[in-house]
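The values are calculated or read from the model by the stated rules, or taken from the named source; none is laboratory data. Note that this is a predicted model, so its numbers are computed, not measured. Note: ideal-geometry Cβ built from the backbone for every residue, glycine included; neighbour counts use all protein chains shown.
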Amino acid sequence: MIRDSYWLDMPYTPSDPLSGDLDVDVVVIGGGVTGVTGALFLAEGGARVAVLERREVASGATGRNGGFMLAGTHEYYAEAVEELTDLYGPDGRRLAREAWAIALENHDLMAGLMKKYDIRCDYYRHGSYVIAMKRPDRGSHRDPLERIVQSYKLLQEDGFDVEYLDEEKLYEIKRSPLLAGAIWNKFDGELHPVKYVRGLAGAASGLGVLFFENTPVAGVDRNDRGLLVHTPGGRIRTQHVLLGMNAYTPQLDTRYERRIIPHRGQVFTTEPVTERLFNGVFYANDGWDFWRQLHDGPGEGGRLLFGGGRNHHVRAERGFHFLRRRGRPIRTYRGYKERPTRAVQKSNDRAFNHAFPHLADLGRTHRWGGVMGFSYDSSPFVGETETPGVHIVAGFTGRGNAYATVAARMVSDRLLGRPSSVEDQFETVKKVFDPLRGGIDAENRRL
Ligand SMILES: Cc1cc2nc3c(=O)[nH]c(=O)nc-3n(C[C@H](O)[C@H](O)[C@H](O)COP(=O)(O)OP(=O)(O)OC[C@H]3O[C@@H](n4cnc5c(N)ncnc54)[C@H](O)[C@@H]3O)c2cc1C
């Protein structure tokens, strides 16, 4: 059994670290889906770009996720409408509708890049199933079926192509007696996230993007000649920086400590199953549990991927905690550990075996963790930070495959000085994805 990501368990030769000084138009920090996509869009627009990655391309959350391409933020649609109404007033419903529509645009952009650059990454579009369990687990809604039905109605009213599946229909698909009902979002999909992002990196290199792996950025300074990015092997002078570091952003820019909170998620894969048991991706217990069958054979089959268990260990899986002492915020630090833990993996096993008793004997091949960046309102931070010339795309709250591409498009359009098709289409991204919003009080509000 391997204690690291199944997706990253493949041969790979990283590029050399930065050695010496350079001058480029844009420095991208972070080689995940955000950074690599941003670099590609910028290079397509003619910019000279360098990507600096502390480890290897796709070694962060991008190479450790479930590979789900889900529309929308991580809440039920009904909940997103309520939360956004709470935060932004009567516009909430429209903002929620846009949050889902933007994610669909993101999906189309990703599929377009796969086609344009011939990236083979096991992409399928069989939809997602957002499931209410008969006995909801810790931390989830007491009546998830009610939430599912409400969300289904709202999604339908708002023009999304969704279907409601009752217990009987769901049993035919899932073969689990524990499921009460589901929304089938037909537009969702799945992919192999490492094949995808390393494929994009290959395309970006072909357009002249310089990749420096094993190159940690130690700091970014601003003076009257622009920005200077420091690494152990050299410095890069530039006019623009794009922070594509998601959960790790606060390590470089402490102003984001209060906006982006690291949360670890843990996953395992089983040995391959020869039959095709499931098509599509499955999201249950308010998203605490999720699973799919991969497309890695033999034949039509593939191994099962199952994630979750975090709801039983919320404090341990959170990177920072904010406490108030004598009215002042104090941060307690637990770190950014990716290693899988016995406690969460045990909860994962229990949840899997409970849902699929007939599959409980399947051996586990890989167990791993990854660190996600959560914002207080589930929406990402997109745009220029308090430091002129330094831009951010981060805080996806478990939904990088829903927003990173569209957000990278938006920022790269701005840096290239051209109108943003994303901003033209979705005016509200400026309001909801505001890079300067939030802070400790907002985070406490979510708690
Ligand atoms: C278990 C799990 C399951 C998930 N499932 C899904 C899912 O199914 N669907 C979905 O949409 N999202 C999912 N997510 C979330 C998704 O993986 C992230 O939102 C997305 O990958 C973020 O991409 P990113 O490029 O912004 O960040 P990352 O992929 O984390 O990349 C950031 C990069 O920055 C680098 N870096 C950090 N500091 C520095 C520095 N100082 N110098 C240079 N480089 C630096 C890191 O090494 C890293 O490679 C999941 C996450 C986890 C952990």
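Things worth noting here:
- Unique match (being in a helix (DSSP H, G or I) and either away from the ligand (no atom under 16 Å from the Cβ) or under 18 Å from residue 159 (Cα atoms) (or both)) among 80, 71: 80
- Selection status of residue 214, under 30 Å from residue 378 (Cβ atoms) and at pLDDT 95 or above: no
- When the stretch 42-99 is filtered for residues that are under 27 Å from residue 244 (Cα atoms) and among the acidic types (Asp, Glu), the ones remaining, listed by number, are 44, 53, 56, 75, 83, 98.
- Any hit, the stretch 269-286, residues being surrounded by 21 or more Cβ atoms within 10 Å (Cβ to Cβ), closer than 25 Å to residue 80 by Cβ, in contact with a strand residue (DSSP E or B) (Cβ under 7 Å, 6 or more places away or on another chain) and of a type in the set (Phe, Trp, Tyr): yes
- Meets criteria (of a type outside the set (A, V, I, L, M), touching a residue at least 12 places away in the same chain (Cβ under 8 Å), within 15 Å of the ligand (Cβ to nearest atom) and at negative phi) for residue 257: yes
- Leading residue by the ranking (nearest to residue 298 (Cα to Cα)) among those in the stretch 248-278 that are in a helix (DSSP H, G or I) and out of contact with any Lys or Arg (no Cβ under 9 Å at 6 or more places or on another chain): 251
- Only residues that are within 12 Å of the ligand (Cβ to nearest atom), touching a residue at least 60 places away in the same chain (Cβ under 8 Å) and under 13 Å from the mean Cα position of the chain (by Cα) were counted across the stretch 361-380, and they come to 7.
- Here 152, 171 are screened, and the one residue that is part of a helix (DSSP H, G or I), in contact with a helix residue (DSSP H, G or I) (Cβ under 9 Å, 6 or more places away or on another chain) and of a type outside the set (Gly, Ala, Ser) is 152.
- Boolean, residue 418 is part of a loop (DSSP other than H, G, I, E, B), farther than 22 Å from residue 194 by Cβ and not polar (S, T, N, Q): yes
- Looking across the stretch 283-308, the residues that are outside any loop (DSSP other than H, G, I, E, B), under 30 Å from residue 376 (Cα atoms) and more than 11 Å from the ligand (Cβ to nearest atom) come down to 284, 285, 286, 289.
- Condition check for residue 132: touching an Asp or Glu at 6+ places or on another chain (Cβ under 7 Å), surrounded by 15 or more Cβ atoms within 10 Å (Cβ to Cβ) and at pLDDT below 95: no
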